[in-house]
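The values are calculated or read from the model by the stated rules, or taken from the named source; none is laboratory data. It should be emphasised that the depicted structure is a prediction, and the values quoted were computed from it without experimental measurement. Please note: Cβ atoms are built from the backbone with ideal geometry, for glycine as well, and neighbour counts cover all protein chains shown. Heavy atoms of the whole protein, side chains included, go into the accessibility calculation; ligands, DNA and RNA do not. Shrake-Rupley method; radii C 1.70, N 1.55, O 1.52, S 1.80 Å.
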Amino acid sequence: EMFYHQDRLEAEEKYSEALRITVLVEGEGSKNAGVLSRNLGAVYAKQGKLDDALSMQKRALRVFRRVHGDEHPDVALSLNAVGITLTKKGLFDRAMQKYEEALGIFSRSEGEDHEDVAMVLGNMTVLLKKQGKYAEALAIGAKVLGIQRRTLGSGDERVAIATINLGQLYLYQGMDEEALVRFQEGLGIVRRIHPERTVVEGIFLEHFGMVYARQGKLEDALTMYKKAHRIYRKTLGPSCADVGRVLTNIGNVSFRQGKLDEAMETYEEAMAMVRRALGDEHIDLAGLLHNMALCKEEAG
């Protein structure tokens, strides 16, 4: 994470300098200024600097509207980026307006069965999920999967990712068996594409664990979580947030099985990783501390 942070700072500096020079030479309304503003906005968004990101994304949007008019894919991409940032800021109504405008442009310029259309629809499902509108999100998520199947084919990893997203929406509505069908489909795609173990396979296995844990199949859940844990450690390293998260899930299963000492030991290992990866004030750490308190209370 430290290296990623340093890389982003260096990217920010270079984009900012490139933008300054471009504006000086070509003017603020040049297409290149728009591209650099969009890229700088993306860096700010990754850093969590949402106000700065929004400022750059809106600047890019103004440039692309002047250069291309209102119906160009670059305009739609910028609208989509603004929508993502507004969603992160919790401004859901404004974000949905941007997504709908972007969706209209992409649908008219590229057709309704296009990957860019699926991208915007996918962002809409994220927003609706945050609002708790799971039925609406599920309907749109199914549309995303259909578009990606038709445009990308059944052997593309992006189709597999869409099955994860759709499966999650089934889970939110208590439709465990439907979720398992989607996860099984996606896992099959990933294993055909990548015979070696990948992070995406770990994500699927973790989701299987979630379903089994909900169903009370604790040994099956534990098996899936441990497989995901091994994959994350191998592919991402031992100190990433994903390893900490799946360890927390392993601890939760041990707690439910009454293995309190084992659960506490796992929670402590997870806490060290979460602190290193996410810091001392992350919501995942709060949830983990809560679980540890419950475990202590039960043991006491």
So what is the diffusion coefficient of region 144-259 in µm² per second by Stokes-Einstein at 4 °C and 1.567 mPa s, using a Kirkwood Rh over Cα pairs?
-> 89 µm²/s
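Roughly how compact is region 89-152, stated as its Cα Rg over 2.2 N^0.38 Å to two decimals? Don't skip to the answer; put the middle values down first.
Numbers: Rg = 11.6 Å, N = 64, 2.2 N^0.38 = 10.7 Å.
So the Cα radius of gyration is 1.08 times the expected 2.2 N^0.38 Å.
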Specify the residue with the greatest mean-square fluctuation among Gln184, Gln57, Gln131, computed from a Gaussian network of the chain linking alpha-carbon atoms under 10 Å apart.
-> Gln131
Using alpha-carbon coordinates, inclination of helix 50-68 to the longest axis of the chain, degrees | 40 degrees
Which ³J(HN,Hα) values, rounded to whole Hz and listed in residue order, are derived for region 257-267 from phi using the Karplus coefficients 6.51, -1.76 and 1.60 in 6.51 cos²θ - 1.76 cosθ + 1.60 with θ = phi - 60°, glycine and proline given as x?
-> 7, x, 8, 5, 5, 5, 4, 5, 4, 5, 4
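Taking Rh as the Kirkwood radius computed over C-alpha pairs, what is the Stokes-Einstein D of region 24-116 at 25 °C in a medium of viscosity 0.890 mPa s, expressed in µm² per second?
It comes out at roughly 185 µm²/s.
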Taking the Cα centre of region 162-254 as the origin, how large is its charge dipole in debye, to the nearest 20, when only Lys and Arg (+1) and Asp and Glu (-1) carry charge on their Cβ atoms?
-> 360 debye
Add +1 for every Lys or Arg and -1 for every Asp or Glu among the other residues with Cβ under 13 Å from the Cβ of Ala118, and state the total.
-> -2
Please report, as a whole percent, how much of the solvent-accessible surface of the chain comes from carbon and sulfur atoms (probe radius 1.4 Å).
-> 51 percent
Per q in 0.12, 0.13, 0.15 1/Å, what log10 I(q)/I(0) does a Debye calculation on the alpha-carbon atoms of the chain return?
-> -0.95, -1.08, -1.30
Which one of Ser254, Val274, Ala118 has its Cα pushed farthest toward the positive end of the charge dipole of the chain, where Lys and Arg give +1 and Asp and Glu give -1 at the Cβ?
-> Ala118
Cα-based Rg and Dmax for region 218-279, where Dmax is the largest Cα-Cα distance (Å) = 11.1, 31
Value in Å of the Kirkwood radius, where region 250-295 supplies the Cα pairs that are averaged | 10.5 Å
Computed over the chain: longest principal axis from alpha-carbon atoms vs helix 176-193 long axis, angle to nearest 10 degrees, is 70 degrees
Reduced Cα scattering model of region 38-78, Debye log10 I(q)/I(0), q = 0.27 Å⁻¹ = -0.79
Given the Cα-Cα distance of Arg256 and Glu136 and 0.36 nm per residue of separation, how much length would full extension add, in nm?
-> 39.9 nm
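Per residue, how large is the accessible surface of the chain? Use a 1.4 angstrom probe and give square angstrom.
Dividing the accessible area of the chain by its residue count gives 50 Å².
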Using θ = phi - 60° and the Karplus relation 6.51 cos²θ - 1.76 cosθ + 1.60, list the HN-Hα couplings for region 24-40 in order, rounded to whole Hz, with x at every Gly or Pro.
-> 5, 8, 9, x, 5, x, 6, 4, 4, 5, x, 4, 5, 4, 4, 5, 5
GluC sites (Glu not before Pro) restricted to DSSP loop in region 166-240 with at most 10 other C-beta within 10 Å = Glu196
Could you order Asp280, Asp116 so the one with the most accessible surface comes first? Probe is 1.4 Å.
-> Asp280, Asp116
Could you run the Karplus curve 6.51 cos²θ - 1.76 cosθ + 1.60 with θ = phi - 60° over region 230-240 and give me ³J(HN,Hα) per residue in whole Hz, x for Gly and Pro?
-> 5, 5, 4, 4, 6, 8, 10, x, x, 10, 8
For the residue pair Ala11 and Glu28, what label-to-label distance in nm results when each label sits 7 Å from Cα along the Cα-to-beta-carbon direction?
-> 2.6 nm
Taking a probe of 1.4 angstrom, what is the accessible area of Glu136 in Å², to the nearest 10?
-> 100 Å²
